[in-house]
Amino acid sequence: MTEMAAKHLCRRYKKGVDNVFFNVPTSSIEEDVQSQSGHSREQIHFVVDVIKIGGDYNFIVVEYETHWCHILHQVKENDVGVFVNRFYTRWFNSIGFMAEHYGLFCGSEMQAGIDNFFSCHDEMYFYIRKDKSLNDIIKKLSNKYRNAYCLAECYPENEEVACGYDVSINKCSKNKENGENSNAAEGMMILFLRDYFGWTAKKLSSARAIIRDEENNHDDSVLINKDIFTVENFDNRRLH
């Protein structure tokens, strides 16, 4: 997380000092990722930065490995808990919507994946550090969001619309860093199915084929007209 984001979320933040939410890192994100064994999902890393438009602080959150991103508009000042709940709700909805659309599993099964996620990651840590490898991606996504805001002259009217926007930009996020995944959306879908649904390599290969087959023959609008998952009961005591 950048210092600008930390200062906005917590007025008690002080540079270089461990406090109630923000920790001083002892390693880089790359070192943390390399320390994990195989596909063991001991940690998942998101980089958080700010897109400032006028007086509004909009947070861009990018997953380190897949480059999957969310842009949370008009984030409230000095409220880490609201930010975390809003992020989780957006993320889980996006995955659930895509999975239903591609016929990978139904919405009611999403809760099992969410439960598995929290059993793997029962605590969240914030570190004040940047990762240069994502600078270009964050800059590109920030410019896209600014342009979208200028064209619309407003922010998304609700979280469902914002979720639809996020899914769209992730499906268009094609770059060499995605490796075997065609885009960030596919990468995150495969990551979630592998690490939190326990899908085998054979099932993941089938899922990839389904996603790629559907990519050119769908309407993204169907992804946003569903009931929304909520994570209202996320315990702030898990934040460190």
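The values are calculated or read from the model by the stated rules, or taken from the named source; none is laboratory data. Because the structure is a prediction, the values reported are computed rather than measured. Don't worry about glycine lacking a Cβ; one is built from the backbone with ideal geometry, like all the others, and counts go over all protein chains shown. Keep in mind that these areas ignore ligands, DNA and RNA; they rest on the heavy atoms of the full protein, side chains included. Shrake-Rupley method; radii C 1.70, N 1.55, O 1.52, S 1.80 Å.
Work out Dmax and Rg for segment 42-114 from the C-alpha atoms and quote the Rg first, both in angstrom.
So, for segment 42-114, Rg and Dmax equal 14.0, 41 Å respectively.
Would you pull out the residues with amide H under 5 Å of Trp68's amide H, same chain only if 5 or more places away, H placed 1.01 Å from N?
Amide H neighbours of Trp68, under 5 Å, 5+ apart: Glu63.
If Ile95, Ile137, Ile210 are ordered by their accessible area, calculated over protein heavy atoms with a 1.4 Å probe, which sequence runs from highest to lowest? Display every interim value, and only then the final one.
Details: Ile95 0, Ile137 20, Ile210 65 Å².
Of Ile95, Ile137, Ile210, the descending order of accessible area is Ile210, Ile137, Ile95.
Rounded to whole Hz and in sequence order, give me ³J(HN,Hα) for segment 201-208 from the Karplus expression 6.51 cos²θ - 1.76 cosθ + 1.60, θ = phi - 60°, writing x for Gly and Pro.
Ordered by residue, 3J(HN,Hα) equals 4, 5, 5, 5, 5, 5, 4, 4 Hz.
Eight or more residues apart or on different chains, and alpha-carbon atoms under 15 Å: count the Lys pairs in segment 87-182 matching that. Display every interim value, and only then the final one.
Details: Lys130/Lys139; Lys132/Lys140; Lys139/Lys174; Lys140/Lys171; Lys140/Lys174; Lys140/Lys176; Lys144/Lys171; Lys144/Lys174.
Final tally of qualifying lysine pairs is 8.
Taking θ = phi - 60°, what integer Hz values does the Karplus form 6.51 cos²θ - 1.76 cosθ + 1.60 yield along segment 101-108, in sequence order, with x for Gly and Pro?
Listing the rounded values in order: 4, 7, x, 7, 6, 8, x, 5 Hz.
Fully extended, how many nm does the chain gain between Asn217 and Arg11 (0.36 nm per residue separation, minus their Cα-Cα distance)? Kindly include the intermediate steps, with their values, before the conclusion.
Values: separation 206, 0.36 × 206 = 74.16 nm, distance 4.73 nm.
So the extension gain works out to 69.4 nm.
Taking all protein chains together and a probe of 1.4 Å, list Trp199, Trp91 from the most accessible to the least accessible. Provide the component values of the computation, followed by the final result.
Numbers: Trp199 45, Trp91 0 Å².
The ordering from most to least exposed comes out as Trp199, Trp91.
Please give, to one decimal in nm, the separation of the simple spin-label points placed at Lys139 and Asp56, each 7 Å out from Cα toward the Cβ.
2.4 nm
Report the normalised scattering of segment 53-179 as log10 I(q)/I(0) at q = 0.21, 0.23 Å⁻¹, calculated by the Debye formula with identical scatterers on the alpha carbons.
Debye output, listed in q order: -1.55, -1.66.
Taking the Cβ of Glu159 as the centre, find all other residues whose Cβ is under 9 Å away and add up their charges (Lys, Arg: +1; Asp, Glu: -1). All intermediate terms of the calculation are to be shown ahead of the outcome.
Values: positive: Arg86, Arg90; negative: Glu160.
For residues surrounding Glu159, the net value is +1.
Under 5 Å between amide H atoms, partner at least 5 residues away or on a different chain: which partners does Tyr127 have, H built in plane at 1.01 Å?
Result for Tyr127 returns Asn23.
If I stretch the segment between Cys106 and Leu204 completely, what's the gain in nm (0.36 nm per residue apart, minus their alpha carbon distance), one decimal?
Numbers: separation 98, 0.36 × 98 = 35.28 nm, distance 1.64 nm.
Gain on extension, Cys106 to Leu204, equals 33.6 nm.
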